[in-house]
1. Being within 15 Å of S102 (Cβ to Cβ) and aliphatic (A, V, I, L, M) is the filter here, so list the residues in the stretch 171-208 that pass it.
2. Quick test of your reading of the structure: H259 fulfils all but one of (1) part of a loop (DSSP other than H, G, I, E, B); (2) more than 22 Å from G139 (Cβ to Cβ); (3) at pLDDT 95 or above. Name the failing condition by number.
3. Which residue pairs have Cβ atoms closer than 9 Å, lie 6 or more positions apart in sequence or on different chains, and pair a first residue in the stretch 156-179 that is acidic (D, E) with a second residue that is more than 12 Å from ligand 1 (Cβ to nearest atom) and part of a strand (DSSP E or B)?
4. In the list V80, V50, which residue meets the criterion of being touching a Pro at 6+ places or on another chain (Cβ under 7 Å), among the aliphatic types (A, V, I, L, M) and within 16 Å of ligand 2 (Cβ to nearest atom)?
5. Going through the stretch 128-154 one residue at a time, which ones are away from ligand 1 (no atom under 15 Å from the Cβ) and surrounded by 19 or more Cβ atoms within 10 Å (Cβ to Cβ)?
6. Would you confirm whether or not the stretch 172-183 contains a residue that is under 19 Å from the mean Cα position of the chain (by Cα), outside any strand (DSSP E or B), away from ligand 2 (no atom under 16 Å from the Cβ) and over 23 Å from T136 (Cβ atoms)?
7. Pull up the stretch 23-40, narrow it to residues that are in contact with a helix residue (DSSP H, G or I) (Cβ under 8 Å, 6 or more places away or on another chain) and within 14 Å of A271 (Cβ to Cβ), then point me to the one that is farthest from ligand 2 (Cβ to nearest atom).
8. Go through the stretch 19-31 and report how many residues are surrounded by fewer than 24 Cβ atoms within 10 Å (Cβ to Cβ), modelled with pLDDT of 95 or more and not in a loop (DSSP other than H, G, I, E, B).
Amino acid sequence: KLPKKVTIKEVGPRDGLQNEKQLILTEDKVNWINSLSETGLSYIEVSSFVHPKWIPQLADAADVLRKIKRNQGITYAALVPNIKGLDRALEMNADEVSVFMSASEGHNLSNINKTIDETYPVLAEVVREAKMAGKTVRGYVSTVIACPYDGLVEPHQVKKVADRLFAMGVDELSLGETIGVGVPTQVERLLEELLREFPSSQLAMHFHDTRGTALANIVKSLEMGITTFDSALGGLGGCPYAKGASGNVATEDLIYMLHEMGIETGIDLDAALKSAQLIERTLGKELKSRQMEIFRAE
Ligand code: HMG
Ligand code: MG
């Protein structure tokens, strides 16, 4: 019943670093991404072309994309909120772009300064232009279980936004559990609703691990046929426009669990841990993952 192979999409350089208070040198980001490229990952979200005033941590997105060493077979993706962001990403030849919005009004407004209805035409134009430029497009829906402003979010709200994004032509939709409050029973209800309409091959799950439920939610998703998961090395991450959001599920903890379950990821756990150690040194603090704790103790 479980899949034999899973794709892990590393979002640490974007979702992880967007949430770090300290300034990180472009060179350090580039070195980290280059080390991620040697782990067997097939997908790395390297930065975002949002407004630098909103996310100063990623203001150097263009330089990062220019300076990283690109390996064949790896998709180097970037987040874009609008046409201006898309133009910047295309200039730097990002392999794939991701558009993003929320299933709840409160988070959408706080994160991208627009209502949900105002967001659709902006994203539709981005998807159209990106496709014309020959790029694949990923869509993110945030707050798929709960919103830090509006409370619980119902599956039909998520489906409504998902419908619109797929109609625009996104190739894959990543469902963001932004604040990490969800539990497997809620994931089941959400996926039951979405899988009635969309194939599991076009859905990815993006769990933050604020309350330690991310791996349980991933197991539930696996049982329901999902084979693509977002994670961040060292459990880095969070959304500055979502109160209480903390790190993504840690890539190394996810790799460990999947491999022990007999599910292939193509990623070398030791190489991933070494890469986590590299960014740990850059950040000057211990990363919070079980695998890193064990690695440090050994
Ligand atoms: P706005 O202020 O409403 O933008 O921000 P605007 O369209 O009114 O433009 C205002 C000014 O910004 C203009 O400049 C634009 O040119 C400039 P001016 O004419 O005043 O000099 N501008 C830009 N500059 C550079 N790059 C751009 C850009 N766009 C406009 N792309 C906007 C609207 C969406 C831009 C802003 O709200 C924004 O950048 N938000 C990004 C917030 C963000 O990055 N959040 C974190 C990522 S989402 C996330 O973490 C969730 C996820 O992980 C899934 C999950 O966990 O749920 C994906
Ligand atoms: Mg996120």
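1. L173, L175, I179, V181, L190 - these are the residues of the stretch 171-208 that are within 15 Å of S102 (Cβ to Cβ) and aliphatic (A, V, I, L, M).
2. Going through (1) part of a loop (DSSP other than H, G, I, E, B); (2) more than 22 Å from G139 (Cβ to Cβ); (3) at pLDDT 95 or above one by one, H259 breaks only (1).
3. D171/E96; D171/T136; D171/V137; E172/T136; E172/V137; E172/L203; E172/T228
4. V50
5. If the condition is that a residue be away from ligand 1 (no atom under 15 Å from the Cβ) and surrounded by 19 or more Cβ atoms within 10 Å (Cβ to Cβ), then K135 is the only one that fits.
6. Yes: the stretch 172-183 contains one or more residues that are under 19 Å from the mean Cα position of the chain (by Cα), outside any strand (DSSP E or B), away from ligand 2 (no atom under 16 Å from the Cβ) and over 23 Å from T136 (Cβ atoms).
7. The residue in question is E38.
8. Within the stretch 19-31, residues that are surrounded by fewer than 24 Cβ atoms within 10 Å (Cβ to Cβ), modelled with pLDDT of 95 or more and not in a loop (DSSP other than H, G, I, E, B) number 5.
The values are calculated or read from the model by the stated rules, or taken from the named source; none is laboratory data. Bear in mind that the values here come from a model prediction, so they are computed numbers and not experimental data. We place every Cβ from the backbone using ideal geometry, glycine too, and count neighbours over all the protein chains shown.
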